[in-house]
There are 2 protein chains.
Amino acid sequence: MKEVTLKQIAENLGISITTVSKALKDYKDVSKATKAAVKAEAKRLNFTPNSFAVNLRTKESKTVGLIIPEVVHHFFSSVINGIIDKAEKKGYLVIILQSNESYKLEKKQVELLISKRVDGIMISMANTTVDVGHLNHIRDLKIPLVMFDKISKLVACSKVIINDRMAAYEATKHLIDSGCKRIAHFRGALLPQNSIDRFLGYKKALEDHGLTFDPALVYICENVDYDNGRSAALQLIADGHKIDGLFAITDMAAAGAITVFKERNINVPDDISVMGFSNWFLSQAITPALSTVDQPGYEMGKKSFKLLYKEMRAKREDRYLEPVIRVLETKIIKRQSTK
Amino acid sequence: MKEVTLKQIAENLGISITTVSKALKDYKDVSKATKAAVKAEAKRLNFTPNSFAVNLRTKESKTVGLIIPEVVHHFFSSVINGIIDKAEKKGYLVIILQSNESYKLEKKQVELLISKRVDGIMISMANTTVDVGHLNHIRDLKIPLVMFDKISKLVACSKVIINDRMAAYEATKHLIDSGCKRIAHFRGALLPQNSIDRFLGYKKALEDHGLTFDPALVYICENVDYDNGRSAALQLIADGHKIDGLFAITDMAAAGAITVFKERNINVPDDISVMGFSNWFLSQAITPALSTVDQPGYEMGKKSFKLLYKEMRAKREDRYLEPVIRVLETKIIKRQSTK
DNA sequence: GTGACTTCTTTCATCGTTCCCCTATTTTGT
DNA sequence: ACAAAATAGGGGAACGATGAAAGAAGTCAC
């Protein structure tokens, strides 16, 4: 039960280790006969190169790291899907870490990936991350880095995002187009940029279409989940606001609100039209089916890896690549929760 | 911009590489003074051991592989969550691959992980996997292996599962207890054992409670998703069966069925009570909220890694560990879709 | 003074590949 | 026929860390 190594094969065939190595990699300076013999013996012994040794020599591990806030999340798991699909095709494996929205953990994980010497890193920032020193550290070490979705302008690396502001603008416009005059907004916490951008898009859409923006109609959902949506909706009702439209920052929050409306016999969409954001499974399964903004998670994952891959290749060839920013298309999905 | 190595530190301090190595690992045979000097210099230069070299020497990478059918899936992403949380605490990283329910891909991925020399492998089988040669190959190589959820009896390794049969029995019993007399079942495809087990649990519950099992009331959902649930429900109605209960193999399928029932003005739970399986987000967000079986994904992930960890430790110490099977508790979650 | 012991440090061999740089041998050109 | 070039293969030093074993230096006892 010994490990099969190049040495083993070389001894069996009475040739040098070098020749075996070259033969297996189809170097031109080995004769066909030798190559054939080596390959046959390698197959016979079921030889697989020791990747630890290869890593050490080549200084590459064909492994990339991915840090995301949460795994159990429709959008992020779609991104993971896109990343590992694409990565596998290019011969890369993906190590996944989740920051649980914690800056401290995120920082530690970055260091961990660096010490593991992954060939590249992809990250979507935790909400609580304000200092980006750890991310710039990655750049300082010349490790390829790509950020997606939750990014920071303070890090000069390639990024893949959607235009949150425009998407929110379109979502709000859809509500306006369908006749809504007083539109509330359930926004996220103050920190992640996406939450701000979506809010700004909402506000801009109102202003551009002759509706006055009323800050009282904006509610904050700390975790943008189902329960948050419920409580914001309850608060909205308790506050006695008469609205005919709601744009919620996530589908979960929208779903929570819809449940509350149903409980209170408020008809969706006749009394209040509701727009969500993300297009999770959920949105088609609830009643009424939720109109929402499709956020292309899988595409984002694929694109992110693609950019990372280019950077890794450039690095290998000692080239420098100017960071690029890719903005992916979103689209409005009209279902039954809007007219 | 050179890499910092032991050699570097040794030269700076005018001592040998070995001493540096030992000092950093707190070997007892290095003087305190030297240790302090080495540590100071290491910190000053920001030294991190080259993990490639360490891997090669120690023949360990502190990395484990995980193969699952799908990432974008509430249950599996919960398992991932449990695994990487636990793994990280023990200093292990997790490489995730998804088989997309394909046997061919799964097999390739197993070989890939073996060639990458991960310290252990965790897997939940693809539905289409019947031959388990690739899994036994893992065992032959003495690589620690743990299977979870979708397992095979033909592989002698540790496993973490739920008792699908009993859980389905309990779910069906809940329907019976709430007064249902004619209970339909939306089952999964023929292949994965879970699907069979749940079906058997359903059948047994009927028989044990004096209800006759009617094969005509069992519908097959190929992908057990929302659309499958819808079409099965439509078929059920078209077939003209009068039922007062439905046990669907997944929450998604149950949600699809409920939508159809609502469209046809069939009241849930008054006319038909519905039970799902898994307890996804979804189940609390739809109307009526879905009664279901809670499947502890996070726990399963944690437990699986724990078992793998034990095996990896045993291997390092050249001990042999008898495979164990852990059966996790499920519980019935009563919501509004059942009486 | 010499053997026996500590205590600290170095030497050396490895892990398994890769790749630069040689040496033979054969082929080609003129 | 002989220099130049092409072909085939081998030697051996890395890569960076580890650890068994040997060496050096100092301490102590009798």
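The values are calculated or read from the model by the stated rules, or taken from the named source; none is laboratory data. Owing to the predicted nature of the structure, the values given are computational and were not obtained by experimental measurement. Backbone-built Cβ (ideal geometry, glycine too); neighbour counts: all protein chains shown.
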- Message: Could you check region A:22-38 and list, in sequence order, the residues that are of a type outside the set (Gly, Ala, Ser) and either in a helix (DSSP H, G or I) or not assigned by TED's automatic domain parsing to the domain that holds A:ASN12 (or both)?
- Response: A:LYS22, A:LEU24, A:LYS32, A:THR34, A:LYS35, A:VAL38
- Filtering region A:64-80 for residues that are facing another protein chain (nearest Cβ under 7 Å) and closer than 20 Å to A:HIS137 by Cβ leaves a count of 0
- Quickly run through region B:155-194 and pick out the residues that are of a type in the set (Gly, Ala, Ser) and closer than 26 Å to B:PHE305 by Cβ. B:ALA156, B:SER158, B:ALA167
- region B:156-172, residues that are surrounded by 20 or more Cβ atoms within 10 Å (Cβ to Cβ) and over 17 Å from B:ASN279 (Cα atoms): B:CYS157, B:SER158, B:LYS159, B:VAL160
- Message: Within region A:101-129, take every residue that is aliphatic (A, V, I, L, M) and not in a helix (DSSP H, G or I) and give me the one that is nearest to the other protein chains (Cβ to nearest Cβ).
- Response: A:VAL118
- Tell me, yes or no, whether region B:47-54 has at least one residue that is at the interface with chain A (Cβ under 10 Å from one of its Cβ atoms), closer than 23 Å to A:GLU88 by Cα and surrounded by 15 or more Cβ atoms within 10 Å (Cβ to Cβ). yes
- Item | Criterion: touching a His at 6+ places or on another chain (Cβ under 8 Å) and within 30 Å of B:ALA184 (Cα to Cα) - qualifying residue of B:LEU282, B:LEU290 | B:LEU282
- Message: So the check is Cβ under 8 Å with 6+ separation or different chains; which pairs have a first residue in region A:11-38 that's touching a residue at least 24 places away in the same chain (Cβ under 8 Å) and more than 17 Å from A:PRO49 (Cα to Cα) and a second one that's in a helix (DSSP H, G or I) and within 8 Å of DNA strand C (Cβ to nearest atom)?
- Response: A:LEU13/A:VAL20
- In region A:303-311, is there at least one residue being surrounded by 24 or more Cβ atoms within 10 Å (Cβ to Cβ), aliphatic (A, V, I, L, M), touching a residue at least 60 places away in the same chain (Cβ under 8 Å) and in the same structural domain as A:ARG117 (by TED's automatic domain parsing)? yes
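Condition check ((1) touching a residue at least 12 places away in the same chain (Cβ under 8 Å); (2) closer than 27 Å to A:LEU141 by Cβ; (3) assigned by TED's automatic domain parsing to the domain that holds B:ALA156; (4) touching a helix residue (DSSP H, G or I) at 6+ places or on another chain (Cβ under 7 Å)) across all residues:
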{"residue": "B:GLY82", "(1), (2), (3), (4)": "yes, no, yes, yes"}
{"residue": "B:ALA87", "(1), (2), (3), (4)": "yes, yes, yes, yes"}
{"residue": "B:SER102", "(1), (2), (3), (4)": "yes, no, yes, no"}
{"residue": "B:GLN109", "(1), (2), (3), (4)": "yes, no, yes, no"}
{"residue": "B:ILE121", "(1), (2), (3), (4)": "yes, no, yes, yes"}
{"residue": "B:ALA126", "(1), (2), (3), (4)": "yes, no, yes, yes"}
{"residue": "B:ARG139", "(1), (2), (3), (4)": "yes, no, yes, no"}
- Breaking point among (1) among the hydrophobic types (A, V, I, L, M, F, W, C); (2) part of a strand (DSSP E or B); (3) out of contact with any Ser or Thr (no Cβ under 9 Å at 6 or more places or on another chain), for A:ILE95: (3)
- Message: Restricting to region B:10-38, give me the number of residues that are more than 20 Å from A:ILE114 (Cα to Cα) and either polar (S, T, N, Q) or more than 10 Å from DNA strand C (Cβ to nearest atom) (or both).
- Response: 11
